[in-house]
Amino acid sequence: MSTSEKISVVTGAGAGIGRASSIALLQAGYHVVLAGRNKDTLDETIDQANELGKNAVSQPTDLRDPDSIENLFQTVADKFGRLDVLFNNAGVNVPLTGLEELTLDQWNSVVETNLTGTFLCTQTAFRMMKSQDPKGGRIINNGSVSAHVPRPGSTPYTATKHAITGLTRSTSLEGREHNIACSQIDIGNASTPLLSLIHI
């Protein structure tokens with residue numbers, strides 16, 4: 001692989017923002033490793049990229065499973081030897097649920113994906129970017145306007161998106177000396193499958 005080629009990882013790449021971002025990165029000349037729970041939807045993203053799909057790799061990944069995350073980044077290391085961009089896009093929600101009715105399982109299901117999974121991807125990518133030559137890279141986190149303007153019934157989603165802001169700022173601070181930039185995007189309502197879980 002040429003040292004001029006850029007390598008990216010997109011989580012939640014099988015639909016919505018993750019799919020659109022993966023295709024955009026392919027169009028910009030990146031090799032893209034697509035991560036998500038469903039291989040069929042990842043392969044659909046590759047198909048929609050048409051001839052550029054040859055530069056994409058689907059890697060089924062469950063962000064609730066640390067071993068699955070480790071396998072994702074080991075695939076990147078084995079196939080490409082470096083990582084230039086990580087887009088932490090994957091996120092889940094629960095159906096509109098009042099705070100007093102929220103179960104611990106519902107809470108944990110959102111926290112494990114939106115926060116813990118994002119942290120583990122960030123940590124593993126950070127290690128790669130810090131040790132590779134030339135070192136450095138960019139980590140982009142998908143936050144949400146929900147962290148600033150929450151909707152009723154969205155407590156776990158809103159809480160995790162607040163936490164993503166803290167993770168972004170901490171990663172940005174610690175990454176400076178290693179040429180690792182970390183930023184966040186806060187998207188409003190986007191027409192994706194996740195939107196069906198909330199009321200507008």
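The values are calculated or read from the model by the stated rules, or taken from the named source; none is laboratory data. Since we're looking at a predicted model, the values are computed, not measured. Counting neighbours? That spans all protein chains shown, and the Cβs are built from the backbone with ideal geometry, glycine included. The protein model used for the area step is the full one, side chains on, heavy atoms only, and it has no ligands, DNA or RNA in it. Shrake-Rupley method; radii C 1.70, N 1.55, O 1.52, S 1.80 Å.
Points worth noting:
- Of residues in the stretch 66-93 being assigned to a loop (DSSP other than H, G, I, E, B) and of a type in the set (A, V, I, L, M, F, W, C), the one most open to solvent (accessible area, probe 1.4 Å): Val92
- Residue in the stretch 169-176 that is without any contact (Cβ under 8 Å) to a residue 40 or more places away in the chain, hydroxyl-bearing (Ser, Thr, Tyr) and out of contact with any strand residue (DSSP E or B) (no Cβ under 9 Å at 6 or more places or on another chain) present: no
- Within the stretch 17-44, the residues that satisfy the criterion of being part of a helix (DSSP H, G or I) and either crowded, with 20+ Cβ neighbours inside 10 Å or of a type in the set (Ser, Thr, Tyr) (or both) are Ile17, Gly18, Arg19, Ser21, Ser22, Ile23, Leu25, Leu26, Thr41, Leu42.
- Looking only at the stretch 130-150, residues that are part of a helix (DSSP H, G or I) and in contact with a helix residue (DSSP H, G or I) (Cβ under 7 Å, 6 or more places away or on another chain) come to 3 in all.
- Residue in the stretch 92-103 that is in contact (Cβ under 8 Å) with a residue 24 or more places away in the chain and under 16 Å from the mean Cα position of the chain (by Cα) present: yes
- Every test in (1) at pLDDT 95 or above; (2) outside any helix (DSSP H, G or I) is passed by Thr3 save one, and that test is (1).
- When residues in the stretch 45-65 are screened for being open to solvent by 60 Å² or more (accessible area, probe 1.4 Å) and touching a Leu at 6+ places or on another chain (Cβ under 8 Å), 0 of them pass.
- Near pairs, Cβ below 6 angstrom, 6+ apart or cross-chain, from the stretch 61-87 (free of Cβ contacts under 8 Å to residues at least 60 places away in the same chain and of a type in the set (S, T, N, Q)) to any residue that is surrounded by fewer than 21 Cβ atoms within 10 Å (Cβ to Cβ) and in a helix (DSSP H, G or I): Thr61/Ser68
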